[in-house]
Amino acid sequence: MANWKLFIARRIYRSNDGKKEVSKPAMRIAISGIAVGLAVMIVSVSVVLGFKHQVRDKVVGLGSDIILSGIEGTQLYQMSPVVCGDSLMHVLKDVPLVSHVQRYSTKPGMIMTSDNFQGMVLKGIAGEYDVSFLQEHLQEGEIPSFSDSVASNQALVSRTIADKLSLKVGDKLFTYYVEGNVRARRLEVAGIYCTNLSAYDDFFLITDLYTVNRLNNWEPEQVGGVEIEVSDYSRLNEVNESVLALLGDHKDRYGQGYFSRTVEEAYPQIFDWLGLLDTNVWVILILMTGVAGFTMISGLLIIILERTNMIGVLKAMGASNVSIREIFLSFSVFLIGRGMLWGNVIGVSVCLVQYFLQPFKLDPADYYISAVPIELNLGIYLLLNVCTLLVSLLMLVGPSCLISRIHPAKSIRFE
């Protein structure tokens, strides 16, 4: 039984009856609506996913997934020291899903040149620090071998600070720190990096952990904090809870307690902003689905009215309303399928062009990245296609009920 319905639906789709040209524009509009709607959905989801993940990866690359610090020093720039020896490092590495652990310390200060000055935060890192992110964003120079036992007298400077103070690789800069009395350190610019993340580029200089700890008058085993990297970001909160449970009310030998927070808690303004993008995506998906569905509804209604005579003949031959509705819904599947094919071709093509050639640029000062990001995700594309097909068909069920109101005796005479 299903074969004859499919055959008639295919005949309607392929019909080239020169006397009835009304359905052809309707079919083109329906196909175009599906194509444009799906293409916009593919591009929108790809851009938002790419943007969220690239910005998140930058923030995580600068501060890791979880930050462990003293319970009295949860400020990002000025922290109370905690003891972090080899034993604590090994304990943290044994926490499930923890892939890397690294120490750091910070010291706020100021850079002064002969004609300018700049507030900054000196961040000290040790030998175990993963510098792959810094290496990826290094524009000039090189990354020295930083240590916790010897001063390197070298620093990495951001492009923002370098441009403002007219610094280049090899230049000497004087940094000053006010804490009771003024202390000064001369550092050599070993490299210049640029992450386009203003919250970091505007302030941070990178040097060795030994120098920062001495400026803070801390003991060798004390650090400003520990950055913890997890292997599965989707379980970030679970790992953070494990770290909190592990440390509990434990205090170091100087009476300082431990406190850990996720990168999302450390930078709430950035992640709240990224969370708002999800709302934009849902608005776009709903609007584009509505556009696609309503163009299909209008096209189907026109075609049903045009085929009133055929519907009457089928009813006179004994076909039920349900069977005829199935014919026109099957016909709609042909239209939706063709529209989805073009939508995928257009949407994926735009994504591939932007992914490889990046013709569309962004202002890094506002968006943290220099080009519109794209994340290619086959699973998301398949899900969008399935949802578009199902929603479009569901929206056509109501209009197809018009068939039940067509009477054979009147419709056979209809022209």
How many of the residues in region 250-276 are in contact with a strand residue (DSSP E or B) (Cβ under 8 Å, 6 or more places away or on another chain), open to solvent by 40 Å² or more (accessible area, probe 1.4 Å) and either more than 26 Å from Glu238 (Cβ to Cβ) or hydrophobic (A, V, I, L, M, F, W, C) (or both)?
3
Which residues, counting only those in region 191-210, are out of contact with any helix residue (DSSP H, G or I) (no Cβ under 9 Å at 6 or more places or on another chain) and open to solvent by 10 Å² or more (accessible area, probe 1.4 Å)?
Tyr210
By residue number, the members of region 242-283 that are more than 14 Å from Leu88 (Cβ to Cβ), free of Cβ contacts under 8 Å to residues at least 60 places away in the same chain and among the charged types (D, E, K, R) are Asp249, Glu264, Glu265, Asp272
For region 88-117, enumerate the residues that are outside any loop (DSSP other than H, G, I, E, B) and modelled with pLDDT under 90.
Met112, Phe117
Taking the stated definitions as given, is Ile346 open to solvent by 40 Å² or more (accessible area, probe 1.4 Å) and closer than 30 Å to Ile297 by Cα?
yes
Looking at region 212-219, can you tell me whether even one residue there is at pLDDT 90 or above, part of a strand (DSSP E or B) and in contact with a strand residue (DSSP E or B) (Cβ under 7 Å, 6 or more places away or on another chain)?
no
Of the residues Arg325, Arg405, Arg413, which single one is among the basic types (Lys, Arg), touching a Cys at 6+ places or on another chain (Cβ under 8 Å) and at pLDDT below 85?
Arg325
Conditions: (1) open to solvent by 50 Å² or more (accessible area, probe 1.4 Å); (2) over 25 Å from the mean Cα position of the chain (by Cα). Glu136 meets all but one. Number of the miss?
(2)
Single residue of region 238-265 satisfying the filter (under 18 Å from the mean Cα position of the chain (by Cα) and not in a strand (DSSP E or B)) that is farthest from Ser69 (Cα to Cα):
Glu264
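Filter region 100-133 down to the residues that are hydroxyl-bearing (Ser, Thr, Tyr) and surrounded by 14 or more Cβ atoms within 10 Å (Cβ to Cβ), then identify the one that is farthest from Val55 (Cα to Cα). Before you say what the answer is, go through the steps one by one.
Within region 100-133, the first condition is being hydroxyl-bearing (Ser, Thr, Tyr), and the residues that meet it are 104-106, 113-114, 129, 132.
Keeping just the survivors that are surrounded by 14 or more Cβ atoms within 10 Å (Cβ to Cβ) gives 104-106, 113, 129.
Numbers: Tyr104: 22, Ser105: 24, Thr106: 23, Thr113: 32, Tyr129: 21 Å.
Once the filter is applied, the top-ranked residue is Thr113.
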Members of region 142-171 found to be under 18 Å from Asp208 (Cβ atoms), of a type in the set (Val, Ile, Thr) and crowded, with 20+ Cβ neighbours inside 10 Å, listed by number
Val157
Go through Thr279, Thr295 for me and flag whichever is open to solvent by 30 Å² or more (accessible area, probe 1.4 Å), hydroxyl-bearing (Ser, Thr, Tyr), modelled with pLDDT of 75 or more and in a helix (DSSP H, G or I).
Thr279
Write out, first by first residue and then by second, each pair whose Cβ atoms fall under 9 Å of each other, whose residues are 6+ apart or on separate chains, and whose first residue, in region 37-61, is closer than 14 Å to Tyr200 by Cβ while the second is of a type in the set (Ser, Thr, Tyr) and outside any helix (DSSP H, G or I).
Val55/Tyr368; Lys58/Thr195; Lys58/Tyr368; Val59/Tyr267; Val59/Tyr368; Gly61/Thr195
Unique residue being of a type in the set (S, T, N, Q) and within 30 Å of Arg56 (Cβ to Cβ) when the list is Ser166, Ser132
Ser132
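The values are calculated or read from the model by the stated rules, or taken from the named source; none is laboratory data. For clarity, every value in this text was computed on a predicted model and none was experimentally measured. As a convention, Cβ positions derive from the backbone with ideal geometry for all residues, glycine included, and neighbour counts pool all protein chains shown. Just so you know, the surface numbers come from the protein's heavy atoms only, side chains and all, with ligands and any DNA or RNA stripped out. Shrake-Rupley method; radii C 1.70, N 1.55, O 1.52, S 1.80 Å.
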